[in-house]
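Please read the structure below before turning to the comments.
Every read-out reported here was derived from the displayed coordinates using simple, explicitly stated rules and does not represent laboratory data. Keep in mind that what you see is a predicted model, and the values were worked out from it rather than measured. In this analysis, Cβ positions are derived from the backbone assuming ideal geometry, glycine residues included, and neighbour counts consider all displayed protein chains.
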Ligand SMILES: Cc1ncc(COP(=O)(O)O)c(C=O)c1O
């Protein structure tokens, strides 16, 4: 009898993201869990969200809001978003044509990039950059043109931006308040952005998930404040960040009617419609302005509390004007690389942080770590107690 040897064929695919491995975020979270460390690495609150909002999601489910909702988002929610934008930024947005509810801010950014990019296009990205930006550009066959923010202020070097703009520049990504550094854009930055993009085909992709997490009476410079810039922008938001429910993964994108029309063609086949009961609950919750108007102060108190605790350590604070995050220099403590000290602090001191170098694609070491202070006071106290000993 003739036996044919069975050959197991493993299908081979070509990686779309050959340079992406296990990120330091995953490494740090696993390490934090293994070492039972206090996790000031990942950006999520450890305090509860509004019970009222949870109850109204329950009510919406009980009332039968459990089937597909409108593809572009539950209409009353889009109307509430438009009212909020008008109230905050004095800009009239058409909820029919300019707002799309999405499964989170990251998806809104990805879809915006997919909408505008053709292979070979270039997108200007500032580093340190939120980890999804560059992979989202590259998955679309486009090229990320990385520009470092100045250190230690983490500001945009506009002359350098002008230098990097070319015929191929299709987009500029901005993020204010900024993850990981807590820096914010000023009205002068907006002027510069206008000057750079005027009379070009450049689309601005603005990540404003931390719009309310802004401190010291500073004003959030939303693209939505500037109708001329809105015409060439996609602006992304996240309910998870506003209402302390990052696990909900619900957000929205705002743009001009013409750009949003193209965005929705992609959204239609990638997601179609988002979680219904949560949208129903948010439609009325959004009308309670105090919930978002008081948020900046609430998180600022946490920043201040954490800064007070950390002033007893050898860590030196860099300014944070917004977001969940503050960057600290460890220059007075060690010569180690950011990654090495972050790993050692997790293992030996039981406090997990994120090396800011993780937000750069090229080797960078400014001897700084990112701490998330959106935590209960007891969590922040426990962490600082361990760091005082260094
Ligand atoms: C700058 C920035 N953009 C977007 C997101 C993601 O928002 P979402 O969870 O709604 O996708 C985050 C979350 O950490 C972020 O820090």
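Using the number of other C-beta atoms within 10 angstrom as an exposure proxy, rank 132, 320, 176 with the fewest first.
Values: 132 15, 320 29, 176 25.
By the 10 Å Cβ count, ascending: 132, 176, 320.
When its C-alpha radius of gyration is set against 2.2 N^0.38 Å (N residues), segment 33-151 gives a value of 1.42.
Here the peptides 139-147, 347-355 are ranked by packing, the mean other Cβ count within 10 Å, and the order with the highest first is 347-355, 139-147. Listing 65, 178 from fewest to most neighbouring C-beta atoms within 10 Å gives 65, 178. Of the two radii for segment 86-152, the radius of gyration is 1.07 times the Kirkwood radius, both from the alpha carbons; that is the Rg over Rh value. Pairs of C-alpha atoms in segment 124-223 farther apart than 20 Å represent 35 percent of all such pairs.
The C-alpha radius of gyration of the chain, expressed as a fraction of 2.2 N^0.38 Å, stands at 1.04. Short-range pairs are left out: with C-alpha atoms under 8 Å and at least six residues apart, the relative contact order of segment 129-266 is 17 percent.
Cα centroid separation, segment 336-361 to segment 243-293: 34 Å. The listed peptides 233-245, 9-21, ordered by packing as a protection proxy, come out as 233-245, 9-21 (highest mean of other Cβ atoms within 10 Å first). Spacing of the modelled spin labels on residue 30 and residue 75, each 7 Å from Cα toward Cβ, amounts to 4.9 nm. Based on every Cα atom in segment 198-294, Rg and the maximum pairwise Cα distance Dmax equal 14.9, 43 Å. Each of the peptides 101-109, 119-127 was scored by the mean count of other Cβ atoms within 10 Å over its residues; in descending order, highest first, they stand as 101-109, 119-127.
Working from label points 7 Å from Cα in the Cα-to-Cβ sense, the residue 262 to residue 291 distance is 3.4 nm.
For segment 254-390, the normalised intensity computed at q = 0.22 Å⁻¹ comes to -1.25 (log10 of I(q)/I(0), Debye sum over alpha carbons, equal scatterers, no solvent).
Placing R0 at 25 angstrom, the Cβ-Cβ distance between residue 218 and residue 83 gives a FRET efficiency of 0.55 after rounding to 0.05.
Estimated from the Cβ-Cβ distance and a Förster radius of 51 angstrom, the FRET efficiency linking residue 312 and residue 12 is about 0.40.
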